[in-house]
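J.: Before I ask anything, let me first share the structure, which is written out below as structure tokens.
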Amino acid sequence: MSLARILLSTGLMGLWLLVINDAEAGPRLYVSNEFANTVTVIDLDTQKSVATIPVGKRPRGIKASPDRRRVYVATGEDNVIAVIDTERNSVVEKIPAGNDPEAFALSPDGRFIYVSNEESHTASLIDVAQRKVVGTVKVGVEPEGVAVSPDGKWVYVSSETSHTISVIDAATFKVITTVLVGDRPRGIAFSPDGTRAYVAAEVGGTVSVMDAKTHKLIDTITVLRGDEKPMGVAVMPDGKKVYVSNGRGDNVAVIDAATHKVLQYIPVGKRAWGIAIAPDGKRAFTANGVSADVSVIDTAADKVIGTLPAGKGAWGIAIVW
Amino acid sequence: MNRRDFLRALAASLAAAPAFLRRKASGAEEVAIGVLVGSGESGRYVVPAAQLAVDEANYVAGAFGKVVRLVTEVATSADDAEKKATKLVRQGGAKAIIGGGNDPLSQAIQAATTREGIIYLNTMSRSEVLRGARCHRLTFHVEASLAMYADAIGQWLVRGAKKTRWGFLTPETEAGAEIERMAERALRRQGGTTVGRQVVSAGTRDYRAALTTLAKAGPDVLVINLAGSSLLTALAQVNELGLHIEVAGVVMDATEFWQAEPTNLAGVWPALWFHGFDRYSGRELNKRLAEALGQPAESRAWANFTAVKAVWEAILRGGRTDTAGLVSFFEKGRGLDAHKGQPLTFRPWDHQLRQPLMVLRCRVPAAGATRWDIFELLGEVPLRGTPGKSQEEILDTLGLSEAESACRFAAL
């Protein structure tokens, strides 16, 4: 056997093993660590950290692509979105993302990234295929949270200092209306049926409920009872419950989506910032910045059933399912 | 009438026109906010910070049918302040005036705004008189009161650092006596004791004998109730004498400290704001303020930014631009977001903004640091664990209580 054949067959074997590995890889969490400048990868089957990926300065917003092959993480002080290859668990490229990108959302088809640019008070539209910013629009001051409606038609951007949601028409990338919500709005989540959007307001201690068809504020739910600083929001796949991470409150508020009542507060790690719910709805996860870990919540019992180690300043969570 | 006079007359007539005539062509209602400051050093931080707040309001104001405009004046005296405040209202169309200066100047603005029937947000004077005997329902205070600063340092040193024995160096002036009265009140409130007191004549520049006498009484803390250049001189003399005793005070102006030789500075001081504060979006605000000012932001910059933001938020959330509407909004106690991590409200009994304060310690800048790096942030007060049934009750551990306050509001 010639050397060329040996190399070729070895390479093909390696490629095959890679494919097998990917196919066998179980669900994983990718946790951005704001102060460690890394992303921690946690295997949910083994409950263990399997990789720590250096990604750049001040990583915060993090999302997985619909095909699971990529995880995007905004590294604000580098002004880029770092792209992680989920097979190799390494950064394979960096996409310019405007000034100080913080949080972002992906279009349902994965073709576009909508990103908030905190310092320039704008939102940017990134064409993933072209790897560049193809649109910018002025929103409020200190934009943070970004969410896309399930049908991909609307992009909501929260602005912390302005206390507003800028509603952007995804087709034209223009702001069509601006809605006043609670003080210092941060995370946004749409209900799976696209009829509601929930906005966590950190200083107001509230969750603003918006009609996502008319883009009007329809209710304000008070979450504050002590130190709660609502930051992240996630909605159950069946749309029945809304989970709100409360930062300094070190807990998660569980809200009944029908009655808008807080059902209970679940104690989690210190400074619960990011929150995500598994696609099967059985588990919710919070990224806890000060305790540098992830709390695992059983959503049937609404209790913490485990704690997984992450990095310093654990901020956001993406689930590769 | 020459061209300049014509333009002046035109501007004045436009400013004095009713609101519906001042609507811009876009249909947005113009809201003018007046800024009036003294001509001293600290005044130069005020307008850029206020303008930043206006610019930020205008990012979204159009979506709510408004456009915010800043009208500014500088006053050289209390008499001048009253004239300029009147001008801001009658010619500039100001719906509110923010700013101030020394106590007489701030009182003059208060007199003018009261007469003109608009609100005044005091951002410069710590005077308890302005909040007490001379209080008025149209006046609100974003700057913290003397008692709040005193309580801040009291909580930090007595409750936090267990430094319970204080000695006071106080000038023989009305202002000095007032500072000492508030500092002693704060000390008693925390259960500490006064172990020495030296009163120095107003004109003296040599505090060494008084400091030495105080040091012999064995205090945990030397509390210096001086201000301005006298304070800087006393601090230099503490260092010269080599006194190894904690130094603290109630009144500190960062802009004055920045001008001093860092090795001559010392002590623990309360502050409204600090340019190194990075919690609750403080880092982001400090960055924006530094860009607007061309240098790091200090307390006055924060106060004036916050005052404009408060007026804008009252208009935005309350939906009214008239005086009764603004007063009603502030008195209802809806929280304001001021980058301090919790909603802030005005106290109903004297219209003082409740807020956490910061505690700073002087330090010599490290090699390569800038001249602004003369403080380190020790923490915030009220201290964590301060008892209280609500955030308001906890914040009310800073400042005079309703029972202590001399303020009695008359109906509007």
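What follows draws every value from the coordinates through simple rules; no lab data is involved. Keep in mind it's a predicted model, so treat the numbers as computed, not measured. A quick note on method: Cβ atoms are made from the backbone with ideal geometry, for glycine too, and the neighbour counts reach across all protein chains shown.
J.: Quick check: from the Cα gyration tensor, does segment A:47-164 come out rounded (a/c under 1.5), prolate or oblate?
T.: Prolate shape, in that a/c is at least 1.5 and a/b is the bigger ratio.
J.: Then there's this: Could you tell me which of rounded, prolate or oblate describes the protein assembly as shown, using a ≥ b ≥ c as the square roots of the eigenvalues of the alpha-carbon gyration tensor, with rounded for a/c under 1.5 and, failing that, prolate when a/b is larger than b/c and oblate otherwise? Display every interim value, and only then the final one.
T.: Working: a/c = 2.08, a/b = 1.52, b/c = 1.37.
In terms of gyration-tensor shape, prolate.
J.: In percent, what relative contact order does chain B have, based on Cα pairs under 8 Å that are 6 or more apart in sequence?
T.: Working: 801 pairs, mean separation 70.0, N = 412.
Computed value for chain B: 17 percent relative contact order.
J.: So for the protein assembly as shown: antiparallel DSSP bridges make up what percent, rounded to the nearest 5? Write down the numbers at each step before the final one.
T.: Values: 125 of 164 bridges.
Roughly 75 percent of the beta bridges in the protein assembly as shown run antiparallel, per DSSP.
J.: Say R0 is 41 Å: what FRET efficiency, to the nearest 0.05, do residue B:367 and residue B:213 get from their beta-carbon distance?
T.: For residue B:367 and residue B:213, the calculated efficiency is 0.65.
J.: Quick check: residue separation of residue B:161 and residue B:177 times 0.36 nm, minus the Cα distance between them. What number comes out in nm?
T.: On the way: separation 16, 0.36 × 16 = 5.76 nm, distance 2.55 nm.
That works out to 3.2 nm of additional length.
J.: Moving on to the next point. Which residue, A:237, B:285, A:59, has the largest displacement toward the positive end of the dipole of the protein assembly as shown when charges sit on each Cβ (Lys, Arg +1; Asp, Glu -1)?
T.: Towards the positive end, the residue furthest out is A:237.
J.: Per DSSP H run of at least 4 residues, take -39500 (n - 2.57); add these up for chain B, divide by its residues and hand me the 222 nm value, nearest 500 deg cm²/dmol. Provide the component values of the computation, followed by the final result.
T.: On the way: 14 runs with 161 residues, N = 412.
Computed mean residue ellipticity for chain B: -12000 deg cm²/dmol.
J.: If amide H atoms are built 1.01 Å from N in the plane of the peptide, which residues on other chains or at least 5 residues away come under 5 Å of the amide H of residue B:39?
T.: B:75
J.: Here's another thing I want to ask about it. Which residues' amide hydrogens lie under 5 Å from the amide hydrogen of residue B:338, considering only partners 5 or more residues apart or on another chain, with H built in the peptide plane?
T.: B:344
J.: State, as an integer percentage, the relative contact order of segment B:102-218 based on alpha-carbon contacts under 8 Å between residues 6 or more apart.
T.: Relative contact order comes out at 21 percent.
J.: Along the charge dipole of the protein assembly as shown, Cβ charges K/R +1 and D/E -1, which of A:222, A:180, B:385 sits furthest on the positive end?
T.: So the residue we want is A:180.
J.: Run the paramagnetic zone check for residue A:43: 7 angstrom along Cα to Cβ, then residues of segment A:85-112 with backbone nitrogen under 20 Å.
T.: So the set is A:85-91.
J.: Sort A:217, B:400 so the one with the fewest other Cβ atoms within 10 Å of its own Cβ comes first.
T.: The order, fewest Cβ neighbours first, is A:217, B:400.
J.: So, one more: What are the ³J(HN,Hα) values, in whole Hz, obtained from phi via the Karplus relation 6.51 cos²θ - 1.76 cosθ + 1.60 with θ = phi - 60°, for each residue of segment B:79-86 in sequence order, with x given for Gly and Pro?
T.: My calculation for segment B:79-86 gives 4, 5, 4, 5, 5, 5, 5, 4 Hz in order.
J.: Here is a further query. About the Cα centre of segment B:74-230, how large is the charge dipole given +1 on each Lys and Arg Cβ and -1 on each Asp and Glu Cβ? Please answer in debye to the nearest 20.
T.: 420 debye
J.: Say each of residue B:255 and residue A:94 gets a label point 7 Å from the Cα, pointing the same way as Cα to Cβ; how far apart are those two points in nm?
T.: For residue B:255 paired with residue A:94, the spin-label model returns 4.0 nm.
J.: Can you tally the lysine pairs in chain B where the Cα-Cα distance is under 16 Å and the two residues are eight or more apart, or on different chains?
T.: Lysine pair count for chain B: 8.
J.: Still on this structure, I have one more. What does the C-alpha gyration tensor say about the overall shape of segment B:282-412? Classify as rounded when a/c is under 1.5, otherwise prolate if a/b is larger than b/c, or oblate. Walk me through the intermediate numbers first.
T.: Details: a/c = 2.47, a/b = 1.48, b/c = 1.67.
Oblate, because a/c is 1.5 or more while a/b does not exceed b/c.
J.: Would you order B:328, A:191, A:49 from fewest to most other beta-carbon atoms within 10 Å of each residue's own beta-carbon?
T.: Ranking B:328, A:191, A:49 by Cβ neighbours within 10 Å, fewest first, gives B:328, A:49, A:191.
J.: Can you give me the relative contact order of chain A as a percent, contacts being Cα pairs under 8 Å and 6 or more apart?
T.: Relative contact order comes out at 12 percent.
J.: Between residue A:301 and residue A:280, what is the label-to-label distance in nm when each label sits 7 Å out along the Cα-to-Cβ direction?
T.: 1.7 nm
J.: Let me ask something additional. Viscosity 1.002 mPa s, temperature 20 °C: give me the Stokes-Einstein translational D for segment A:26-320 in µm²/s, with Rh taken as the Kirkwood radius over C-alpha pairs.
T.: After rounding, the answer is 117 µm²/s.
J.: Same structure, new question: Would you kindly derive the ³J(HN,Hα) couplings of segment B:99-111 from the backbone phi angles with the Karplus curve 6.51 cos²θ - 1.76 cosθ + 1.60 (θ = phi - 60°), listing them in order in whole Hz, with x for Gly and Pro?
T.: In residue order, the calculated couplings are x, x, x, 5, 4, x, 5, 5, 5, 5, 5, 4, 4 Hz.
J.: Can you give the helix-only mean residue ellipticity at 222 nm for chain A, where every DSSP H stretch with n ≥ 4 adds -39500 (n - 2.57) and the sum goes over all residues, rounded to the nearest 500 deg cm²/dmol?
T.: The helix contribution divided over chain A gives -2500 deg cm²/dmol.
J.: Taking θ = phi - 60°, what integer Hz values does the Karplus form 6.51 cos²θ - 1.76 cosθ + 1.60 yield along segment B:297-309, in sequence order, with x for Gly and Pro?
T.: Rounded to whole hertz, the list is 7, 10, 4, 5, 4, 4, 4, 6, 4, 5, 5, 5, 4.
J.: In addition: Quick one: dipole size for chain A, taken about the Cα centre, charges +1 on Lys/Arg Cβ and -1 on Asp/Glu Cβ, in debye to the nearest 20.
T.: 180 debye
J.: Mind putting a number on the dipole of chain B about its Cα centre? Charges go on the C-beta only, +1 for Lys and Arg and -1 for Asp and Glu, and I need it in Debye to the nearest 20.
T.: 840 debye
J.: Projecting each Cα onto the charge dipole of the protein assembly as shown (Lys/Arg +1, Asp/Glu -1 at the beta carbon, about the Cα centre), which of A:158, B:112, B:209 comes out farthest on the positive side?
T.: The residue sitting farthest along the positive end of the dipole is B:112.
J.: Continuing with this model, one more query. Counting other C-beta atoms within 10 Å, which of B:98, A:255 has the fewest, and how do the rest follow?
T.: Fewest-to-most Cβ neighbours within 10 Å comes out as A:255, B:98.
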